[in-house]
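The values are calculated or read from the model by the stated rules, or taken from the named source; none is laboratory data. Quantities reported herein were computed from a predicted structural model and do not represent experimental measurements. Every residue, glycine among them, receives a Cβ derived from its backbone with ideal geometry; neighbour counts consider all protein chains shown.
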Amino acid sequence: MAEARFTMLEDRGILAVSGPDRRPFLQGLVTNDVDKVTPRAARYAALLTAQGKYLHDFIITEADESILLDAEADRLADLKRRLSLYRLRAKASLEERPDLCAAAVFGDGALEALDLPPETGACRPYNSGLAFVDPRLTALGARAILRRETAKAVLLDSGLAQTGVDAYDRLRLSLGVPDGSRDLVIEKSILLEAGFDELNGVDWQKGCYVGQELTARTKYRGLIKRRLMPVTIKGPAPSAGTVVFADGREVGEMRSSRDGWGLALLRIEDVLAGKKFVSEDATIAPAQPEWMRL
């Protein structure tokens, strides 16, 4: 892996949840345990439909008497709207924070550059914001939430080189980590197909949340037949949603891709059988990462 560098995640936005009821308000809605989010610990979580299907995913941190949700910028207003539907009498407010931005820090020495231990979710104050190890995988490196106007200068002062988002996207794809609605179909995708269990996105010991019953049933009854997996692509990359075939039979579909890497939702049975997969004019080959359990 190349030396430590950073990229600004322009496709991410920050939603702040404030007020005395902010923690119990979110606790009853999202898949992870909000009580475990502290200024020293970040968590990964999702908001689901009542039927347990994907709506939004985000990284949760805490700073300045607010809980911050690092989520898709283009869908931040929708996330705010959906959460607001459940607010009722809770003393909690939701505010988009365009003055804040997110950055990914990755490569050899990334955690050391930010003085972070190699522990998923480990978090600390950093300049005027936060730096934390990605709560999904340490291999993804770290993230920082900073004031937009000074973010680049702060990261450069830490000895990090700036790079484009392409390099980070290739890393993400090679590790098999989904990127929100680029890889998950809104109101259709099942979290466990996308690795949320292994990626620390679900707390199985917490109390109820929206979609909890069906998510738990899926896990304990072993109902997962397909998995979102990293694949190498030989040939022109098929667009997201393109059907994948094996032995002339439809066995899955493509998601996002870049530079010979992609994600595809594939039948586990066919992956374990070593089938040859094709999609349009490309041949794709699953590359199961170490963290993924089939």
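The table below lists the values:
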| quantity | calculated |
| --- | --- |
| Strands (runs of 3 or more DSSP E) (entirely within segment 239-294) containing at least 3 residues that are under 20 Å from Arg182 (Cα atoms) and free of Cβ contacts under 8 Å to residues at least 40 places away in the same chain | 249-258 |
| Long-range neighbours under 9 Å by Cβ, at least six apart or interchain, first residue farther than 21 Å from Gly28 by Cβ within segment 61-87, second among the aliphatic types (A, V, I, L, M) and assigned to a helix (DSSP H, G or I) | Glu72/Leu79 |
| Qualifying residue in segment 83-104 (condition: under 19 Å from Leu191 (Cβ atoms) and touching a Phe, Trp or Tyr at 6+ places or on another chain (Cβ under 7 Å)) | no |
| The listed residue being in contact with a helix residue (DSSP H, G or I) (Cβ under 9 Å, 6 or more places away or on another chain) and at pLDDT 95 or above, out of Asp57, Asp99, Asp70 | Asp57 |
| Segment 117-136, subset surrounded by fewer than 22 Cβ atoms within 10 Å (Cβ to Cβ) and within 22 Å of the chain's Cα centre (by Cα), residue nearest to Pro178 (Cα to Cα) | Thr120 |
| Residue list for segment 19-59, restricted to those being in a loop (DSSP other than H, G, I, E, B) and without any contact (Cβ under 8 Å) to a residue 40 or more places away in the chain | Val37 |
| All positions within segment 142-151 that are touching a residue at least 60 places away in the same chain (Cβ under 8 Å) and more than 13 Å from the chain's Cα centre (by Cα) | Ala144, Ile145, Ala151 |
| Residue among Leu79, Leu15 that is in contact with a strand residue (DSSP E or B) (Cβ under 9 Å, 6 or more places away or on another chain), surrounded by 21 or more Cβ atoms within 10 Å (Cβ to Cβ) and either in the same structural domain as Leu199 (by TED's automatic domain parsing) or in a strand (DSSP E or B) (or both) | Leu15 |
| Subset of segment 30-41 (residues that are surrounded by fewer than 18 Cβ atoms within 10 Å (Cβ to Cβ) and either charged (D, E, K, R) or within 16 Å of Arg89 (Cβ to Cβ) (or both)) | Asp35, Lys36, Arg40 |
